Amino acid sequence: MQIKIINQWITVVFSLLAVITFISLFLANFYLNAQINTLIKQRESLDLAHKLSAGSDGLSNAVRAYAATGDSSYEKLFIKEATVYKHRDKAVYGLRNLGATPEELGLIEMAKRNSDNLINLEARAFEAGRAGNLELARNLVYGPTYLSEKERIMAPIQGFQKKIELRLLEEVKQAGWRTNASLVFAFFMVFTMVFVVIVGQVFFYSRRVVSPLVRLNEAVSQLTIQEKADELFTFDDGSEISVLAQSIKYFHQNALLAAELQQFRLRIAEITVELYKAQDLATLTQTAMNQISLFLDVHHGLLYVADEEGQCLNLIGGYGLPIDQVGRKVLFGEGLVGQCALSKAPIHMNNPPENYIKIASATGGAVPACVLIHPLILNNHLLGVIELAAFRQFNENDQMALAEISLALAMSIEILSHKAV
């Protein structure tokens, strides 16, 4: 009877610990998904803010073109944007649905109101143009009052972008911390279950339980989040202990994958934030190359920016680049970089020819083992190309990371281009 009672208690305690472990793993997966969703929300929010800015710019471009030429088609284009396409209204609606804070929505609403106010000034310009006074129309849309009103639209949008970047980055960090805490707690529960099994069963099943459990405990005691679980493969005798060992092994593998994914996403988020801080193309290039060289272990990198006509690329700067190469132009379709720009598709080349590129150093140059060229595309519009070279092969994770960083680079270039205007 005593053995039965002890076994019942052991079963109850073990079941409770298993439930707690399952809950911990569920929470860890929940917070990991929350972290990923926050990153997606950040990208969507910034894209919608850009659309709001682009909608206002579209109205400005139409009225200015009308003032300059008197062509009524530009007035029709203006009316379509304001009453049919309504990109600004759609952007505000999308930001509300993404769960922006009242303070952030206040900035977007302010930008929308200021944009609506600007329409009144633009309507006066159209009225002057229809009356044949294009000079007055041009004064209205190119004068200081118009530029001041335009700045009142862009300033809240830029403030919104900064606030949402900081808030969502903090949410990513919080979700990452909760994920780690849940994983550590779940790992602790696994160790606790092992301890309960050892203590509860060692006095009753010395030959079939105690010895295997001791060996399992030795293996698990050496196990950390960084170590592999190869030693757990020795517990493969078909017993209950081997099942437990396999559970620990699979949990450890999942913990490794979760930790690696978390670090991967968090690092990309940190790089994205650093890129958005850049105030000009030179700073953006330096920041991008410094961050990418550390993250992807590259030894050579070049950043090209497309010209306004979309005919050639200008070499802005790079990493491991001779100074006299800065400013070099590459036509679309010229070489691999130009081909990447023309096709808007990445190019991955292992073991490039010796005459293609050499990574410069103080003692000379060396041929890289791999070259990866990626287009910088935003809203199907090519903004530039980034070229990387390394003494190792780029794997799928490297290419996925570069794809996300390329999107952040494209958005940064777009934002800087609007600032320049």
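Laboratory data are not the source of any read-out in this text; all were calculated from the coordinates shown. As the structure is a computational prediction, the values presented were derived from the model and not from experiment. Cβ sites come from the backbone with ideal geometry, for glycine too, and all protein chains shown count toward neighbours.
Here are the numbers for the structure shown:
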read-out	value
For segment 67-96 versus segment 284-327, the gap between their alpha-carbon centres in whole angstrom	36 Å
Tensor-based shape of segment 278-420 (alpha-carbon gyration tensor, a/c under 1.5 rounded, otherwise prolate or oblate)	rounded
Charge context of residue 130, other residues only, Cβ under 15 angstrom, K/R +1, D/E -1	-2
Cα centroid separation - segment 334-353 against segment 371-411, whole Å	11 Å
Net length gained if the chain between residue 399 and residue 256 were fully extended (0.36 nm per residue, minus Cα distance)	49.4 nm
Set 150/277; 90/163; 90/329; 80/419; 76/163 screened for pairs whose C-alpha atoms are more than 30 Å apart	90/329; 76/163
Neighbour net charge for residue 267 - beta-carbon separation under 11 angstrom, K R +1, D E -1	-3
